[in-house]
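> Can you keep this structure in mind? I'll have questions shortly.
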Amino acid sequence: MTAPDPRSWLYPTPRGLYCAPGDFYVDPAVAVPRAVITHGHGDHARPGHRAALATPETLAIMRARFQDMPDTRQQGLKYGESLKMGEVEVSLAPAGHILGSAQAVLEWQGQRIVVSGDYKRRPDPTCPPFEPVPCDVFITEATFALPVFQHPSDIGEIAKLLRSVATFPERTHLVGVYALGKCQRVIKLLRAAGWDQRIWLHGSLLALCRLYQEHGVDLGDIAPVSDAILETFRGAIVLAPPSAIADRWSRRFADPIPAVCSGWMRVRARARQSNAELPLIVSDHADWPELVQTLKDVGAPRVWVTHGREEALVHQARSMGIEAEALHLAGREEEGA
Ligand SMILES: [Zn+2]
Ligand SMILES: [Zn+2]
């Protein structure tokens, strides 16, 4: 049997990436009848689907963000389990990006396409590591797909933060983190580096931290800033959304040092825009060497590149003998880089 043209059964539409023989969308940009969701970030998980399939963790995140989703029929699929949707066999493999993040593995007529969503390759104590799945077509993100993006060690970046705390014990370190994924990973990194004091949180970060704790991710002593009584926050570490570290909210702290944890802190202009005195490069996305390594590990003869800087990675893949092209999808504005 000759293999089908992969574009004949999985292709971009204005609503998102559509799988025709399964009659579902993967990470659609709008509400659809049936969706497979790779992970809980806002550019992938949206409210209002009639039916959604994802890992149980991702469904829990979606319920937390979208008022419980009573009108969405929710189907949890654990890593490694599979089921049929229409004619298509669907399974989910770990993506190493955030809690619950998965690659959607789709098989039809002897052909396997992997939609990896967002991923990274370095260890993250909040989720299982990315699992390379051999496939015929690999769809990869390209958020940091330029050779200049080589993320430093996250342990080293957290050490910088703790050195600054030791150097300025009278001041508050106000650390900007995205609420989903980055926040919990930074807390785990701080714990692993020996910071066992209470970590204070902007109120908007609390719900997802509690959700991670309910899923077995031990974050130690955390509390919202609003719970503080007679607390000076001197020498304290306070986590907040990046937008809060320079706004009115930050004025309550003692001479704060604003920091931001993001892959984008590698870009000087972005670091300056963020008002971070202490830019820390901690990313939940693969950097350039990880992207290239992943193309080797999955060994797909075809790669579709989306979600960022497609051209450089397409060029790189072609130089490795891979048939590569950009896949232009609607509705992608990266959350939580
Ligand atoms: Zn993401
Ligand atoms: Zn994304």
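The values are calculated or read from the model by the stated rules, or taken from the named source; none is laboratory data. Treat the numbers as computed from the prediction; the structure is a model and nothing was measured. Backbone-built Cβ (ideal geometry, glycine too); neighbour counts: all protein chains shown. Accessible surface areas use protein heavy atoms only, side chains included; no ligands, DNA or RNA. Shrake-Rupley method; radii C 1.70, N 1.55, O 1.52, S 1.80 Å.
> Can you pull out the residues in region 162-193 that are part of a loop (DSSP other than H, G, I, E, B) and either more than 28 Å from Phe66 (Cα to Cα) or touching an Asp or Glu at 6+ places or on another chain (Cβ under 8 Å) (or both)?
Selection gives Phe168, Pro169, Glu170, Arg171, Thr172, Tyr178, Leu180, Gly181, Ala193.
> Pick from Thr126, Thr140: which is in a strand (DSSP E or B), out of contact with any Cys (no Cβ under 9 Å at 6 or more places or on another chain) and under 21 Å from Val282 (Cα atoms)?
Going through Thr126, Thr140 in turn, the sole match is Thr140.
> Read through the list (1) closer than 23 Å to Asp43 by Cβ; (2) modelled with pLDDT of 95 or more; (3) part of a loop (DSSP other than H, G, I, E, B), then give the number of the only condition that Glu311 fails.
For Glu311, the exception is condition (3).
> Taking the options Gly203, Gly235, name whichever one is open to solvent by 10 Å² or more (accessible area, probe 1.4 Å) and out of contact with any Phe, Trp or Tyr (no Cβ under 9 Å at 6 or more places or on another chain).
Only one candidate passes the filter, namely Gly203.
> Can I ask one more? In this structure, does Val217 turn out to be within 21 Å of Ile281 (Cα to Cα), surrounded by 13 or more Cβ atoms within 10 Å (Cβ to Cβ) and in contact (Cβ under 8 Å) with a residue 60 or more places away in the chain?
Judged against the criteria, Val217 is not a match.
> Give, as residue ranges, the strands (runs of 3 or more DSSP E) completely inside region 227-289 that count at least 2 residues that are more than 16 Å from ligand 1 (Cβ to nearest atom), within 19 Å of Val165 (Cβ to Cβ) and of a type in the set (Val, Ile, Thr).
237-240, 257-261
> In addition: Collect the residues in region 300-323 that are farther than 28 Å from Leu99 by Cβ and open to solvent by 10 Å² or more (accessible area, probe 1.4 Å), keeping them in residue-number order.
The answer is Pro301, Arg302, Glu311, Ala312, His315, Gln316, Arg318, Ser319, Met320, Gly321, Ile322, Glu323.
> Among what's in region 156-176 and is touching a Leu at 6+ places or on another chain (Cβ under 7 Å) and surrounded by fewer than 18 Cβ atoms within 10 Å (Cβ to Cβ), pick the residue that is nearest to Glu325 (Cα to Cα).
Lys160
> Here is a further query. Please find, within region 120-149, the residue that is surrounded by the most Cβ atoms within 10 Å (Cβ to Cβ) out of those that are more than 12 Å from ligand 1 (Cβ to nearest atom) and more than 19 Å from Val305 (Cβ to Cβ).
Thr126
> Name the single residue that is surrounded by the most Cβ atoms within 10 Å (Cβ to Cβ) among those in region 246-299 being β-branched (Val, Ile, Thr) and modelled with pLDDT of 95 or more.
Within region 246-299, the match that is surrounded by the most Cβ atoms within 10 Å (Cβ to Cβ) is Val260.
> Can you tell me which residues in region 77-91 are touching a residue at least 24 places away in the same chain (Cβ under 8 Å), closer than 28 Å to Val282 by Cα and in contact with a helix residue (DSSP H, G or I) (Cβ under 9 Å, 6 or more places away or on another chain)?
none
> Could you say which residue among Gly86, Gly117, Gly76 is open to solvent by 10 Å² or more (accessible area, probe 1.4 Å), within 16 Å of ligand 1 (Cβ to nearest atom), under 22 Å from Tyr18 (Cα atoms) and not β-branched (Val, Ile, Thr)?
Going through Gly86, Gly117, Gly76 in turn, just one is open to solvent by 10 Å² or more (accessible area, probe 1.4 Å), within 16 Å of ligand 1 (Cβ to nearest atom), under 22 Å from Tyr18 (Cα atoms) and not β-branched (Val, Ile, Thr): Gly117.
> Here is a further query. Pairs, please: C-beta under 9 Å, at least 6 apart or cross-chain, first residue free of Cβ contacts under 8 Å to residues at least 24 places away in the same chain and in region 253-273, second among the small types (Gly, Ala, Ser)?
Short answer, once both residue conditions are applied: Met265/Ala271; Met265/Ser274; Met265/Ala276; Met265/Ser283; Arg270/Ser262; Ala271/Ser262.
> Just to check your reading of the model, which residue among Pro12, Pro21 is away from ligand 2 (no atom under 16 Å from the Cβ), surrounded by fewer than 21 Cβ atoms within 10 Å (Cβ to Cβ) and over 23 Å from Ile98 (Cα atoms)?
Matching residue, one of Pro12, Pro21: Pro21.
> Anything in region 28-51 that is open to solvent by 10 Å² or more (accessible area, probe 1.4 Å) and within 16 Å of ligand 1 (Cβ to nearest atom)? List them, or say none.
Ala29, Gly42, Arg46
Yes/no matrix, rows are residues, columns are (1) modelled with pLDDT under 95; (2) touching a Leu at 6+ places or on another chain (Cβ under 7 Å):
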residue	(1), (2)
Pro128	no, no
Leu146	no, no
Gly194	no, no
Arg198	no, no
His202	no, yes
Leu205	no, yes
Glu231	yes, no
